[in-house]
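Step one of this worksheet: look at the structure below.
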Amino acid sequence: MYPFVRLIKEVLHARKLPPLPPLGTHISHHRCWPQDIDQFIEMNNGRILTILDLGRTGLAQRVGLLRALSKNRWGLTVAGSSVMYRKRVRPFVKFRVVSKCVGWDERFMYLDQSLWIGDDCAVQALYRTAVTDRNGIVRPERLMAALGLRDQSPAFPEWVQRWIEADKVRPWPPLDDGTSA
């Protein structure tokens, strides 16, 4: 089940924090609860993605994105992601999620998130996201203008640019190897 109590807590807490510029960094604090673990007594990888979702929600609250979505009747979607898991998150461990926008292109915004236990990065994820309306994707420059930012996107870090380029040559739909029924 989706952690709605955590979602409400994150939004209410983010409301109390100072606003961030669109390229600001949001840090949220969490704990691994028993309902988050799997049969290996660690946080389930799917729950980690949900916790990262909560971090993006706090970021969206602080940069004014939630207000812009509501005002313009826009939606928000994830169009792609890449995740690296490097350290187990054990029950009752406290951790923080660091969330920030690293830039945008003609269609998408790219968000970098990491989950930290003390000084150790346990998980890092890159997300391709889009704002949508009834006509499809809202161009990022229109979104950024609604957030009060008229600047161009900062240059992507090299690893982000390479991920974007690699995804452009990925076959879609995936190739059918003939084993599907």
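Please treat every number below as a calculation from the coordinates, not as lab data. If you're wondering where the values come from, they're calculated on a predicted model, not measured in any experiment. Methodologically, a virtual Cβ is constructed for each residue, glycine included, from the backbone with ideal geometry; neighbour enumeration extends over all protein chains shown.
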For Gly103, the residues 5 or more places away or on another chain with a placed amide H closer than 5 Å to its own amide H are Tyr110
In terms of the alpha carbon gyration tensor, root eigenvalues a ≥ b ≥ c, rounded if a/c is under 1.5 and otherwise prolate when a/b exceeds b/c or oblate, the chain is oblate
For Asp177, placing the label point 7 angstrom along Cα-to-beta-carbon and taking the range 76-97, residues whose amide nitrogen sits under 16 Å are none
Taking 152-160, 18-26 and ranking on average Cβ neighbours within 10 Å, highest first, one gets 18-26, 152-160
With a ≥ b ≥ c from the Cα gyration tensor eigenvalues, square-rooted, and the rule rounded for a/c under 1.5, otherwise prolate when a/b > b/c and oblate otherwise, the range 32-113 is prolate
Fewest to most Cβ atoms within 10 Å: Cys101, Cys32 sort as Cys32, Cys101
Calc'd 3J(HN,Hα), the range 104-118, phi into Karplus 6.51 cos²θ - 1.76 cosθ + 1.60 (θ = phi - 60°), Hz, glycine/Pro = x, comes to 8, 10, 6, 10, 10, 9, 10, 10, 9, 9, 9, 10, 10, 10, x
Under the helix-only model (-39500 (n - 2.57) for each DSSP H run of 4 or more, divided by the residues of the chain), the mean residue ellipticity at 222 nm, to 500 deg cm²/dmol, is -10000 deg cm²/dmol
Toy charge model, Lys and Arg Cβ at +1, Asp and Glu Cβ at -1: the range 9-61 dipole around Cα centroid in debye, rounded to 20, equals 300 debye
The chain, Gaussian network, Cα under 10 Å: of Glu141, Glu106, Glu42, the residue fluctuating most is Glu106
Quick shape check on the range 78-181: root eigenvalues a ≥ b ≥ c of the Cα gyration tensor, a/c under 1.5 is rounded, otherwise prolate if a/b tops b/c, else oblate, and it reads oblate
Counting only residues 5 or more apart in sequence or on a different chain, those whose built amide H sits under 5 Å from that of Asn44 are Ile37, Asp38
On the formula 1/(1 + (r/R0)^6), with r taken between the Cβ atoms of Ile137 and His13 and R0 of 30 Å, the FRET efficiency rounded to 0.05 is 0.50
